[in-house]
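Notes to accompany the following structure.
The values are calculated or read from the model by the stated rules, or taken from the named source; none is laboratory data. For clarity, every value in this text was computed on a predicted model and none was experimentally measured. Every residue, glycine as well, gets a Cβ built from its backbone with ideal geometry; the counts of neighbours run over all protein chains shown. Only protein heavy atoms, including side chains, enter the accessible area calculation; ligands, DNA and RNA are left aside. Shrake-Rupley method; radii C 1.70, N 1.55, O 1.52, S 1.80 Å.
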Amino acid sequence: MTFLTLLLQAPASSGIMQLVFPVAIGLVLYFFMIRPQQRKTADAKAFRESLVKGTRVVTIGGLHGLLVEVGPETVLLEVERGQRLRFDRSAVARVAGSSAAESTTAAIS
């Protein structure tokens, strides 16, 4: 007998059992992929809204500098004496000196 013949002879399952598996997959996707991403996005938005003048930050491009001016959509970053660059608020990645790698290294020590 071939596999196809055995498959065709399998008994039909009830309608409720056919819905359990797709619903379970949907729940797993939501709790392990969608929900954490939403939380991460909300945290990043809250961080960018809390930026204040005088904070040392790192941009998503890796540029370190001091926030000189914070506007509603842009920030002015002083990277060196007198050198100022304007960035979108979304370009600020984190506060300088606080990265996941550094906190992991500190926890191991």
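Residues whose amide H lies under 5 Å from that of ALA93, counting only those 5 or more places away or on a different chain, are VAL58, THR59, ILE60; hydrogens are built 1.01 Å from N in the peptide plane. Near LEU66, within a Cβ-to-Cβ distance under 15 Å, what is the net charge of the other residues, with Lys and Arg +1 and Asp and Glu -1? That sum, taken over residues with Cβ under 15 Å, equals +3.
Rolling a 1.4 Å probe across all protein chains gives ILE25 an accessible area of roughly 80 Å².
Between ILE25 and VAL68, the contour length at 0.36 nm per residue exceeds the alpha carbon distance by 10.7 nm. Distant-in-sequence amide contacts of THR74, defined by a placed amide H-H separation under 5 Å and a gap of 5 or more residues or a different chain, comprise ARG89. For the listed peptides 35-45, 50-60, a ranking on the average number of other beta carbons within 10 Å per residue, highest first, reads 50-60, 35-45.
Amide hydrogen proximity for THR55: with H placed 1.01 Å from N in the peptide plane, the residues at 5 or more positions away or on another chain lying under 5 Å are LEU67. Other residues whose C-beta falls under 14 angstrom from the C-beta of LYS40 contribute a net charge of +4, scoring Lys and Arg +1 and Asp and Glu -1.
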